């Protein structure tokens, strides 16, 4: 069984000015580059924003507020994860903008989860000796095998009584 499989990711962040003070009410526009869909959000009173239920892919995040230069950043959303886009808006006219490019940090400071996403090119480069999908799953963080009697006849169990554990077991 595979219960509770996630298909969405999220973008979250904080909007501040050059002195580090929060900018409430900043307008956030998140554009799905692959699909051409635009999502709108607004920074709350603490300068924080979150856009949930985003399909995995590449996004452009535009943050603007009156009296500040527009901030533009690229972000990549992964399944069941939060991608952080923290913006420090420069004082300036609305016609000027700041573009930030770069990778998302590997260290997650806002969540204590363990996850990974394998791309199709990474999957194509992995050696799978026995052509068993379980071999791929145990390569991911939190995955492991334990042997035992699954209670299923061997003719019905093509995984040879290998059971997969993912994450903590109660």
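Here, each number is a calculation from the coordinates, and none is a lab measurement. This is a predicted model, so every value here is computed, not measured. Quick reminder, even Gly has a Cβ in these numbers, built from the backbone with ideal geometry, and neighbours come from all protein chains shown.
For a test of the definition: using alpha carbon positions, the gyration tensor, and the 1.5 limit on a/c, classify the range 9-100 as rounded, prolate or oblate. Note, shape of the range 9-100 comes out prolate.
By the count of other C-beta atoms within 10 Å, a proxy for reagent exposure, 23, 33 are ordered fewest to most as 33, 23. When 38, 16 are sorted by how many other C-beta atoms sit within 10 angstrom of their C-beta, beginning with the fewest, the order is 38, 16.
Ranking 30, 91, 72 by Cβ neighbours within 10 Å, fewest first, what do you get?
Working: 30 21, 91 11, 72 18.
By the 10 Å Cβ count, ascending, the order reads 91, 72, 30.
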